[in-house]
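To start, the structure under review is shown below, and the notes come after it.
Each reported figure results from applying straightforward, stated rules to the coordinates on display, with no laboratory input. Note that this is a predicted model, so its numbers are computed, not measured. Because the Cβ atoms are built from the backbone with ideal geometry, glycine has one as well, and the counts that use them run over all protein chains shown.
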Amino acid sequence: MYLFCCSCLAPAVVWIWLKPFILRSAIVLITMNLSISEKAILGFTVLYTAAFAVFFIRKLNIEFIAYIGVIIFTFALLYGTLNKTKIPASILAGISLWGLLHMLGGSVQTADGVLYAWKIFPFFNGGGEFYILKFDQLVHAYLYAVVALLFLHLLRNYFGNKHSEFLIGFIAIMAALGVSAINEMIEFIAVLTVPDNGVGGYHNTLLDFVFNFAGALFAVLGFYLLHPSSRA
């Protein structure tokens, strides 16, 4: 009966919770001088965030309800500062896609459990969580590739030609790893407070860091390989 009531009330709860975000997004779409792609990315993000909020509230999934809040905060910050940061639409789209992948990772079921637990290919199988390659690891690499490119954009705009591109690239990678450390601390809080959470143990955490670093490193290297004039 309790779960039935929660399922019935979920849309109303989501509306009350997300109403400020949805209304603020509508105001931003109308009043800010956004490009068509920026408006489309924000609208797409609002739609899937609201849909998954209903889903996770019905499931009483506290962990992913909290992640909904993280997505809302992230996009409020990105769009609230867009007039100063000038973040490219490609990076905004990349972050939005991460949000969607994250929501799918905690909701879609596979033979291995939720999508995040999906074992894609056994490049290495050390038993238990020590397994490469899983969907979770790909998402980690992808996310921190995008985060590194975000920091690279911000740093290059701020410093201009005052410092070497090698230094700027190195700082971008380290900044991305700093964000990844905050994410792991958030996951640790989930371990301490949320029963039956999907956060793994020590091997999972260290593999997360490895893929975070790999994603950030290859993104920065790829940027300079594709933009050789930037290294001048």
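Summary of computed values
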| quantity | calculated |
| --- | --- |
| Whole-Hz couplings from phi, Karplus 6.51/-1.76/1.60, listed for segment 100-114; x for Gly and Pro | 5, 4, 5, 5, 5, x, x, 10, 6, 8, 10, 5, 9, x, 5 |
| 14 Å beta-carbon shell around VAL70, net charge (K/R +1, D/E -1) | -3 |
| Summed side-chain charge close to TYR144 - residues other than TYR144 whose Cβ falls under 12 Å, Lys, Arg +1, Asp, Glu -1 | -2 |
| Qualifying aspartates and glutamates (Cα of each under 18 Å from Cα of LYS59; at least 8 residues distant if same chain) | ASP196 |
| Projected label distance in nm at ASP112 and LEU226, using a 7 Å step from Cα toward the beta-carbon | 2.7 |
| Reachable lysines, given that their alpha-carbon falls under 19 Å from the alpha-carbon of LYS162 and they are not under 8 places away in the same chain | none |
| Straight-distance crosslink candidates among aspartates and glutamates, where the alpha carbon sits under 15 Å from LYS86 and sequence neighbours closer than 8 are dropped | GLU38 |
| Net length gained if the chain between LEU104 and ILE189 were fully extended (0.36 nm per residue, minus Cα distance) | 28.5 nm |
| THR74-PHE218 FRET efficiency (beta carbon distance; Förster radius 22 Å; 0.05 resolution) | 0.45 |
| Chymotrypsin sites (Phe, Trp or Tyr not before Pro) restricted to DSSP loop in segment 100-171 with at most 15 other C-beta within 10 Å | PHE130 |
| Virtual paramagnetic centre 7 Å along Cα→Cβ of THR205, amide N under 16 Å, in segment 159-183 | 178-183 |
